[in-house]
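Peer 1: Dropping the structure in here first, questions after.
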Amino acid sequence: MKSNLTGLVKALKEASILIHTLYLLLKDRGSDEPITQEEIQIVSGKVSIDSQKTAELVDQLQKREESIEKAFQKQREAAQLTSSKDLWNQAYFEELLSKWLIILDKSFDKVETPEFIDLLTYVHHTVPPLSIPSRFTIKRRVMDMGNNVIEEIKKMFS
């Protein structure tokens, strides 16, 4: 199902960058901020997007991207303050992150949300810089964990 959504998002981006921008903003919006009637009309094609609304959407998306860049800049600055390379284990971090996503039944793309990146960047103050795995890396790790469990169960019954 996720791959179908990915294809749909790609087609949406190719068809209309403005609608795709609106999709990105709506996707990352918190549940406490409901979708407006105007947004529903825009995505249903009942209302076209004027140049002012287009500028607003693009500005919102740029602010979101700037937020991610600021988070990474903070991370780089914090990493320069310390030299505790030996305290960090990227593989263990990815394993813990994968288990956390599984136990909370969260989708893999949550690791790419700006708020999540900001949170991890804020709490990570060691060298090397924090490398948050992509949703594809997390998916691969979860699948590997599942395959390992299957192999262990097979061994138990053989």
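Peer 1: Suppose a student asked you for the relative contact order of the stretch 100-157, using Cα pairs under 8 Å spaced at least 6 residues apart; what percent would you report?
Peer 2: Relative contact order here is 35 percent.
Peer 1: Could you name the aspartates and glutamates in cross-link range of Lys139, using Cα to Cα under 14 Å and dropping any fewer than eight places away on the same chain?
Peer 2: Lys139 reaches Glu94, Glu95, Asp105, Asp109, Glu112.
Peer 1: Further, regarding this structure: Just the number, please: carbon plus sulfur as a percent of the accessible area of the stretch 88-149, 1.4 Å probe, no ligands or DNA/RNA counted.
Peer 2: Percent of accessible area from carbon and sulfur atoms in the stretch 88-149: 61.
Peer 1: What spacing in nm lies between the two simple spin-label points modelled at Glu115 and Glu38, each 7 Å away from Cα in the Cβ direction?
Peer 2: 2.3 nm
Peer 1: As an exercise, use a Förster radius of 41 Å and the Cβ-Cβ distance of Trp100 and Gln52 to find the FRET efficiency, rounded to the nearest 0.05.
Peer 2: After rounding, the FRET efficiency stands at 0.50.
Peer 1: Hey, another quick one. Calculate, for Gln60 and Arg140, the FRET efficiency according to 1/(1 + (r/R0)^6) with r their C-beta to C-beta distance and R0 35 Å; round to the nearest 0.05.
Peer 2: 0.65
Peer 1: Okay, moving on. Only sites in a loop by DSSP and with at most 10 other Cβ atoms within 10 Å count here; which trypsin sites (Lys or Arg not before Pro) in the stretch 40-72 make the cut?
Peer 2: Lys46
The values are calculated or read from the model by the stated rules, or taken from the named source; none is laboratory data. It should be emphasised that the depicted structure is a prediction, and the values quoted were computed from it without experimental measurement. When we count neighbours, we look across all protein chains shown, and the Cβ atoms used for this are built from the backbone with ideal geometry, even at glycine. Keep in mind that these areas ignore ligands, DNA and RNA; they rest on the heavy atoms of the full protein, side chains included. Shrake-Rupley method; radii C 1.70, N 1.55, O 1.52, S 1.80 Å.
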